[in-house]
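Step one of this worksheet: look at the structure below.
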Amino acid sequence: MMEVTDNVSNEPVAGRAPLILGGHDFHSITTAVATPAESATPLAWWFFFIPSLGMLGLLGVAVGWLVWEGIGVWGLNQPVGWAFDITNFVFWIGIGHAGTLISAVLFLFRQKWRTSINRAAEAMTIFAVMCALLFPGIHIGRPWLAYWMAPLPNQMGTWPGFRSPLLWDFFAVSTYGTVSALFWYIGLIPDLATMRDRAKTQARRYAYGFFALGWRGSARNWQHYEMAYLILAGLATPLVLSVHSIVSMDFAVAQLPGWHTTIFPPYFVAGAIFSGFAMVTTLMVITRTALRLEKILTPFHFDRMARIMLTTGSIVGYAYSMEFFIAWFSQNPYEQFAFINRAFGPYWWAYWTMISCNVLSPQVFWFRKARTSMPILFIVSIFINIGMWFERFVIIVTSLHRDFLPSSWGMFYPTMWDVMLLIGSFGLFFTMFCLFVRFLPVIAAAEVKSVLPAANPHANGHAALDLDAPTMVSPHLAPKGVH
Amino acid sequence: MSQGHAVTVDPVQHSGRAFGRLTGIGAVLGVVGLGAALALSGGTKQFYFSWLVAYLYFLSIALGALFFVLMLTVTRAGWGIALRRVVENVMATLPVFALLFVPIWLGRHEMYEWMNPEEVAKNPILQGKAPFLNEGFWFIRAIFYFTVWSALAAFFSTQSQKQDETGDPAISARMRGVAPVGTLLFALTSTFAIIDWMMSLEPEWYSTMIGVYFFSGAVVAILAVTILLVHFAYAQGALRGVVTTEHLQDVAKLLFGFTIFWAYIAFSQYFLIWYGNMPEETIYYMKRQVGSWDSVGMFLAFGHFLFPFFFLMPRAVKRNSTLLVLIAAWQLAMHFLDLHWCVMPILHHDGVRFGLTDVAAFCAVGGIFLAALGWVSSRRALVPLRDPRLPESLSFENV
Amino acid sequence: MALVPPLFPEGEYFGLLAEYDSAGSLFHACEKVRDAGYRKWDAHSPFPVHGIEKAMGLGRSRLPYVTLLFGLTGVIGGMSLQIWANAIAYPMAISGKPLFNWQPYVPITFECGILLAALSTVVGMFAFNKLPMLFHPLFGAAGFEKVTDDGFFISVEAWDPKFDAAATERLLASTGATHVQLVKRREGAAS
């Protein structure tokens, strides 16, 4: 059979495009996925790891100085009490949502193509949540008292204020981190068993073997495993909706113009998925070339991811339009001013960056050539993330800096510590991702094997359903002119 | 299940003639309902409000059908092709809603206070909104909505029907090409239609979520209607073996999911307004918590969400015809209650006054809708006979 | 005497291990072993084979009940904790809203429900699967490491009432196995 190299042009109207190219069988999938983690560290890896580690170092310095000196090292003031800190928090949580969507929602919708990206996307989620949790932790002024957010009985007889959105965040994000980690780990177990069984050294065998928990591919185990996977997917779906909705409520329950908008929950969720898919795309474009996984992470996969970015970007665009229209419609002068200020006030440059990156740049994905071109995917996905960062910045800072009373108006200017923390958070993220790529199977090999045609137990023996054969209409009603 | 040969679907057994009787029943119901409504409350606010609720109810079902067809096309779904025609038929009734809009247009001054120049002159807020909320622009927008909906419905309907005859795969590609733009148009037109026809009943109130709220209810409604229509077809001897337990289980899963989605949207809107506690927004819920309206609201939380949530959770329920029909009918009743609760407190300030006019208007709009559905369905097969993905759909099995 | 029921059959041998070359042949072999009346046996594959539970005669996993139980516990527990903490133990009046209301407690209640449901699902799955089980006789069988790569196996345990070294081996050979071996309870295969 001729080797298929393109599974995205001439999309079939019947039948499905092959997901894995290059004539892979089960063993070659194992080899392709396991080899990068088993070989000696390639030079290219250091090229990404060292700068990431450097940025992580910056993070350490910035956090250390902040804890020592206090929040005053940031540019926060009255009226702008939240700026980079919460922008970064929402930014990183948003990015994490794509992993859960890919794992859980695409699983529930039976989208088999998710198997090539879900492992890396889930890992990305966990690292993004780690970066996100950093910010509420350090922005509270006395981070050594962060444990006060937990409902622990104490000598003061006090309890957390459960009615506050900040506390909902604490519960939501920690639940999200826990469930994402559990979901990721459960998915890893069969692949860790693979690594264990291929391990050449005692140390590796024990390390992978410990975490593989003695997995032996038993069908009785697979049965409970599959059920757990399905249940976790079913739980993670409302969870991902709820987490970013709760994050949006940090703003929406307030009375501030530009913040108090009923559409925030689904709008934020759509935006989160949008930015998350952009980050997955950025990472996968590099990973697939670096690890030679082009036949498993195919143009089809990127085409689908690009379509999702276009869809969620359009939902975000819809929300922008609704906000803008209703702000005018409401005839509330504060609301109307908030939106005019966003577009034409001192932060106009942030607003227009957001619009061009979020609304304009994804429009290229209407064209298949753009959806499957690695350079365009890489560039546009980065633009999208820049745009989404600015969206949070615009929402937070422009609404705060000029609210009801003009005498209270002010400006926010970031300090070097604000910027260092932002860069440092990327350092944490990329360092963790580099380590993940180095030591763990980046693709869910067991899941990819299960979507190969050979995995279907009915593939041999019976003729497979001929999906390309036209449906026959009963002869006595054959339409005129068609034979 | 696999076959080595091409799949055969008998167009005679699965012909839409099974739905033909709906045309007659619907026509009678429509005329009787209209007559009764006019006799009971003709020309009064009650008549127009009852008509509006019934109109929004059936419109949400038809728009939900448009969305369902667009989604099946955009996502290149294979599972749902066997039941797509049934949903298309509901979608194809959209042009009739232009006709059904006439009573709303006739009663517009009774319902929309911003259309009365004396009201506007007293109220600077309404004056500010006048560039948008004025009769002429409102009317033009209505024409626009009906044009877009009719065009989309006609396009997908006729293309699908043409494919029955020619089996041309290019038709599938064409539908796939139009669907994304169709989805964008759907989102914008349905949002502004509900702003124009429902939200502007209280012109000083606003919510950015209102379009999404209407949408979520519409999807629950169409999924319930699909279950009922498939079972109606079964009773007429059609669709058995073609639309199977497997397909209905998937529809039930979607119904479960979108019930949760409706609750999430409804709660989000309510909660944000409750928490912010700003009088210009809370007035909406204050009105809907007066007297017996309060009980209706609470009943909706349990009836439209909690009960169906637990009911639809078990897999066995999603595969049981009788139980699916029951929950579908229940959700449709709840959807009506939802729209009734959204609209009627504006007319009846101190409690529920569900009366014969509401029933009559429901029969009038519903009857005409049913007649249109019957007429559209009877002219073609109940299955997209030569859709290239039909074999995949027919052999679909849930894990 | 052990307090915990034994995990593996007593005696020298664990059972028989048969290897297959495809998911399809594994599937059909499972149907034959099921129809022959064996109970203490298992199939092994690098990925879950679609439909193999039916081929083996297994019922559905009972994990969803665990999830539901703990999910509801989380919801009730979360709501109770919040109302008790903020309205009874240390009453706090926030923005003039009533002490006892349910609305602001919904987010955390929901999250607690999901958290307990997810944790119980994972723990329950491990419990049902008796994992971790780092030492298993099959790990000593020759060629078994293929199970996480591209190998398919059926293992029939020696304490099955129908187990007979010769007869069971004949049955497995007749199902299309490429290789059948006797597996010792402790390290290594016998043949």
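What follows draws every value from the coordinates through simple rules; no lab data is involved. The shown structure was predicted, so the numbers you read here are calculated from the model rather than taken from an experiment. Positions of Cβ are generated from backbone atoms using ideal geometry, with glycine treated the same way; all protein chains shown enter the neighbour counts.
Details
- Working note: Karplus 6.51/-1.76/1.60 with θ = phi - 60° gives the range C:23-39 the couplings 5, x, 5, 4, 4, 5, 5, 4, 4, 5, 5, 4, 5, 6, x, 6, 10 Hz, where Gly and Pro are set to x.
- Zone of B:Thr44's modelled label, taken as backbone nitrogen in the range B:95-122 under 19 Å from a point 7 Å along Cα→Cβ: B:103-104, B:106-112
- Diffusion constant of chain B at 25 °C, which comes from Stokes-Einstein with the Kirkwood Cα-pair radius and 0.890 mPa s, µm²/s: 112 µm²/s
- Placing a label point 7 Å from the Cα of A:Met416 along the Cα-to-Cβ direction, the residues of the range A:34-66 with a backbone N closer than 12 Å are A:62.
- Point-to-point label distance, C:Lys32-A:Tyr334, nm (Cα→Cβ direction, 7 Å offset): 7.9 nm
- Straight-distance crosslink candidates among aspartates and glutamates, where the alpha carbon sits under 17 Å from B:Lys129 and sequence neighbours closer than 8 are dropped: A:Glu323, A:Glu335, B:Glu113, B:Glu118, B:Glu119, B:Asp196, B:Glu202, B:Glu204, B:Glu280, B:Glu281
- Distances between placed amide hydrogens fall under 5 Å for C:Phe14 paired with C:Val183, C:Lys184, C:Arg185, all partners being 5 or more residues away or on another chain.
- Kirkwood analysis of the Cα pair distances in the protein assembly as shown returns a hydrodynamic radius of 31.4 Å.
- Ordering B:Lys122, C:Lys184 from the fewest to the most neighbouring beta carbons within 10 Å gives B:Lys122, C:Lys184.
- Cα long-axis angle, helix A:219-252 against chain A (0 to 90 degrees, to the nearest 10): 30 degrees
- The mean number of Cβ atoms from other chains found within 10 Å of a Cβ in peptide A:255-263 is 5, as a whole number.
- Note on the range A:1-117: percent of Cα-Cα distances in each 5 Å bin, starting at 0 and stopping at the bin with the largest distance, equals 2, 7, 8, 11, 13, 14, 12, 10, 8, 6, 5, 3, 1, 0.
- Extension gain for B:Ala173 to B:Glu135 (0.36 nm times residue separation, less C-alpha to C-alpha distance): 9.6 nm.
- When restricted to Cα atoms, the range B:280-399 yields an Rg and a Dmax of 19.8, 56 Å, respectively.
- Distance between the range A:227-247 and the range A:276-306 - C-alpha centres, whole angstrom: 24 Å
- Cα-Cα over 20 Å, subset of A:Lys449/C:Lys40; A:Lys295/A:Lys369; A:Lys112/B:Lys318: A:Lys449/C:Lys40; A:Lys112/B:Lys318
- In sequence order, the range C:84-89 has phi-based couplings of 5, 5, 9, 10, 10, 5 Hz under the Karplus curve 6.51 cos²θ - 1.76 cosθ + 1.60, θ = phi - 60°, and Gly or Pro positions carry x.
- Pair B:Arg315, B:Thr8: separation of 7 Å Cα→Cβ label points (nm): 3.4 nm
- Separation of alpha-carbon centers, the range A:1-68 and the range B:234-271, rounded to whole Å: 38 Å
- Additional length obtainable on full extension of the chain from A:Val359 to A:Tyr206, 0.36 nm per residue less Cα span: 50.1 nm
- The shape of chain A can be summarised by an equivalent ellipsoid whose semi-axes, obtained from the alpha carbon gyration tensor, come to 42, 30, 21 Å from longest to shortest.
- Within the straight-line cut-off of under 19 Å between alpha carbons, the lysines reachable from B:Lys162 are A:Lys480, sequence neighbours fewer than 8 places apart in one chain being disregarded.
- Tilt relative to chain A, helix A:202-212 - C-alpha long axis, 0 to 90 degrees, to 10: 80 degrees
- Which of C:Arg60, B:Arg141 has the fewest Cβ neighbours within 10 Å, and the rest in rising order: C:Arg60, B:Arg141
- Contour minus Cα-Cα distance for A:Ile71 and A:Ser9 (0.36 nm per residue): 17.0 nm
- Alpha-carbon centroid distance for the pair the range B:363-399 / the range A:345-401, whole angstrom: 41 Å
- Exposure proxy order (Cβ contacts within 10 Å, fewest to most) of A:Thr312, A:Thr178: A:Thr178, A:Thr312
- Extents of the range C:63-129, taken as max minus min of Cα coordinates on every principal axis and listed largest first, are 51, 19, 13 Å.
- Principal semi-axes in Å for the range B:190-279 [√(5λ), Cα gyration tensor, largest first]: 36, 15, 7
- Test item: Cα-centred dipole of the range A:265-323, Lys/Arg +1 and Asp/Glu -1 on Cβ, debye: 300 debye
- Here the simple spin-label model places points 7 Å from the Cα toward Cβ, and for A:Tyr185 and A:Val61 these points are separated by 3.5 nm.
- Remark on the range B:331-373: hydrodynamic radius 11.5 angstrom, per the Kirkwood mean of 1/r across alpha carbon pairs.
- Listed residues B:Met175, B:Ser160, B:Gly78: farthest to the positive end of the dipole of the range B:75-178 (Cβ charges): B:Gly78
- Taking the DSSP beta bridges with both ends in the protein assembly as shown, the antiparallel portion is around 90 percent.
- Amide hydrogen neighbours beyond the local backbone of B:Val9, cut-off 5 Å, H modeled: A:Met472, A:Ser474
- Using just its DSSP H runs of length 4 or more, each adding -39500 (n - 2.57), chain B gives a mean residue ellipticity at 222 nm of -23500 deg cm²/dmol after division by all residues.
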